[in-house]
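Colleague: Here's a structure for you.
The values are calculated or read from the model by the stated rules, or taken from the named source; none is laboratory data. Remember, predicted model here, so these are calculated numbers, not experimental data. Glycine also receives a Cβ, built like all others from the backbone with ideal geometry; neighbour counts cover every protein chain displayed. Surface areas here come from the heavy atoms of the whole protein model, side chains and all, with no ligands, DNA or RNA. Shrake-Rupley method; radii C 1.70, N 1.55, O 1.52, S 1.80 Å.
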Amino acid sequence: MSITQKQRLVIKVGSALIAPTDSGCSEKYLKNIADFIHRFRQQGQQVILVSSGSVAAGRYLFDDKQPNPALKKAMAAAGQTAMMAMWDKLLGLPVAQILLTHADLCNRERYISIKDTIESLLDSGIMPIINENDTVTSEELKVGDNDNLAAMAVDADALLICTDVDGLYDKNPHKYSDAQLLKKVDHITPEIFSMAGGAVSATGTGGMQTKIEAAQKATAQGIDTYIINGFKAQSFHYLLEGQNPGTHFVACESPLSPSQHWMTHTTKECGEVIIDEHKDHFAQNSPVITSDDIVEVKGEFSVGDTILLRSCDGTRMAKATANYSSCLLNYVKQQPSIPELVGSLHPQHNSIISKKHFALLENV
């Protein structure tokens, strides 16, 4: 199925397309994207835009070209308004700004609220424009790049990542003349990741590595993902003709459920619990992990935080919401004469992890 047959498309646009020079926002490359969006919407299909570029758009207003984090936030604040004004002008249709941090996505209630807001906007014919909230975010709250934000924040049928190369090559095309473009990737393997180099553009935060990570997140929830060259007008002509101008990452045939995907790919673990069994606990989708199973507790976490479960050999086994704090679990571990202490303290929870918010990791 070509991208023209998809009902809902997420388009991610990078900073290099928004502000290719140091002189603020530029319409040069964005007109082609805006025209493509119009054509797509005219067919009755929905579009969500994930737009980087607030820092790059505001950089020219400041004298310091090597800004510290505080100055980058100021650049983002100034650039965000200019960027939204430009999209508003180019698109000529109702748009809505949604600024997010990773904390918004990691909190289940806020995550669902975001999705509900996006659905309401689309139902009303308004196009959401999403960006990371660089003005207020900290290192702990950063998604880090909008490639991954695009894959985590929204539901869609296809994800289109516009960048400054034609797609994924088997080796760096800037260094090797015999590099070959991969037109189709059925499965994202370590070998696929090894083909990715660093960021090509100085204006962006994510290179090909982050784009493959985004493709991995998106395809895991059944979303076909395309990496294309957004600087070339012909890329969008090919797409409208049902052709693939870049690299197509094929959606998984058996995608994760929304809750499993959120736990696996969106939440960040606050700590780890090492357990003494390898796979026996995970023979069912709602395992019971008791205090007797704990070998070691790493990090500090509270009730409701996401934790990672590892086996003694280091295998990442599962992610889940913690029913108990690291402080209590460490105390229980030091009381071998009181088996099942956790269950006696909180009889409603016979497991240290939530059965509702749990995801078995792929390597188990």
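Colleague: Restricting attention to the range 13-32, which residues are within 17 Å of D88 (Cβ to Cβ), of a type outside the set (S, T, N, Q), out of contact with any Leu (no Cβ under 8 Å at 6 or more places or on another chain) and open to solvent by 10 Å² or more (accessible area, probe 1.4 Å)?
Modeller: Result: C25, single match.
Colleague: Six or more apart or on different chains, Cβ atoms under 6 Å: show the pairs whose first residue is in the range 39-52 and closer than 25 Å to S26 by Cα and touching a residue at least 24 places away in the same chain (Cβ under 8 Å) and whose second is part of a loop (DSSP other than H, G, I, E, B) and open to solvent by less than 70 Å² (accessible area, probe 1.4 Å).
Modeller: That search, which allows pairs on different chains as well, returns I48/V154; S52/G14.
Colleague: Going by what's in this entry, would S113 be described as out of contact with any Phe, Trp or Tyr (no Cβ under 7 Å at 6 or more places or on another chain), open to solvent by 30 Å² or more (accessible area, probe 1.4 Å), of a type in the set (S, T, Y) and at pLDDT 90 or above?
Modeller: Taking the combined requirement at face value, the residue satisfies it.
Colleague: Restricting to the range 79-110, name every residue that is closer than 17 Å to A56 by Cα, touching a helix residue (DSSP H, G or I) at 6+ places or on another chain (Cβ under 6 Å) and open to solvent by 30 Å² or more (accessible area, probe 1.4 Å).
Modeller: Within the range 79-110, just A82 meets the criteria.
Colleague: Then there's this: Against the conditions (1) open to solvent by less than 10 Å² (accessible area, probe 1.4 Å); (2) closer than 30 Å to H248 by Cα, where does M75 fall short? Just the number, please.
Modeller: (2)
Colleague: Any residue in the range 160-182 that is on the phi > 0 side of the Ramachandran plot and open to solvent by less than 50 Å² (accessible area, probe 1.4 Å) sitting within a Cβ distance under 8 Å of a residue that is outside any loop (DSSP other than H, G, I, E, B) and aliphatic (A, V, I, L, M)? List the pairs, counting only those 6 or more apart or interchain.
Modeller: That search, which allows pairs on different chains as well, returns G167/L181; G167/I227; G167/I228.
Colleague: Before we move on, is E241 among the acidic types (D, E), closer than 16 Å to H357 by Cβ, open to solvent by 40 Å² or more (accessible area, probe 1.4 Å) and modelled with pLDDT under 95?
Modeller: Spelling it out, it is not the case that E241 is among the acidic types (D, E), closer than 16 Å to H357 by Cβ, open to solvent by 40 Å² or more (accessible area, probe 1.4 Å) and modelled with pLDDT under 95.
Colleague: For the range 33-85, give me each residue that is in contact with a Cys (Cβ under 9 Å, 6 or more places away or on another chain) and within 22 Å of I227 (Cα to Cα).
Modeller: Correct list: I33, G53, A56.
Colleague: For residues in the range 303-330 being part of a loop (DSSP other than H, G, I, E, B) and farther than 21 Å from Q260 by Cα, which is modelled with the highest pLDDT?
Modeller: Only one residue tops the list, namely S325.
Colleague: While we're here: Tell me yes or no: at least one residue of the range 19-30 is at pLDDT 95 or above and of a type in the set (S, T, N, Q).
Modeller: Among the residues of the range 19-30, not one is at pLDDT 95 or above and of a type in the set (S, T, N, Q), which makes the answer no.
Colleague: Quick one: I227 ticks every box in (1) in a helix (DSSP H, G or I); (2) under 24 Å from the mean Cα position of the chain (by Cα); (3) under 30 Å from R39 (Cα atoms) bar one, so which box is it?
Modeller: (1)
Colleague: In addition: What do you reckon, is S54 open to solvent by less than 10 Å² (accessible area, probe 1.4 Å) and either under 29 Å from T101 (Cβ atoms) or in contact with a Pro (Cβ under 7 Å, 6 or more places away or on another chain) (or both)?
Modeller: Against the criterion (open to solvent by less than 10 Å² (accessible area, probe 1.4 Å) and either under 29 Å from T101 (Cβ atoms) or in contact with a Pro (Cβ under 7 Å, 6 or more places away or on another chain) (or both)), S54 qualifies.
Colleague: Follow-up. Residues to consider are Q42, Q66; find the one that is open to solvent by 70 Å² or more (accessible area, probe 1.4 Å) and under 18 Å from P94 (Cβ atoms).
Modeller: Result: Q42 is the single residue among Q42, Q66 that is open to solvent by 70 Å² or more (accessible area, probe 1.4 Å) and under 18 Å from P94 (Cβ atoms).
Colleague: A further question on this structure: In this structure, is K171 over 30 Å from T267 (Cα atoms) and at pLDDT 95 or above?
Modeller: no
Colleague: Take the residues of the range 255-271 that are more than 16 Å from V154 (Cβ to Cβ) and in a loop (DSSP other than H, G, I, E, B): which is farthest from the chain's Cα centre (by Cα)?
Modeller: My answer is C270.
Colleague: Right, here's the next one. When you look at T264, is it hydroxyl-bearing (S, T, Y), at pLDDT below 90 and closer than 27 Å to K72 by Cα, yes or no?
Modeller: Answer is no for this residue.
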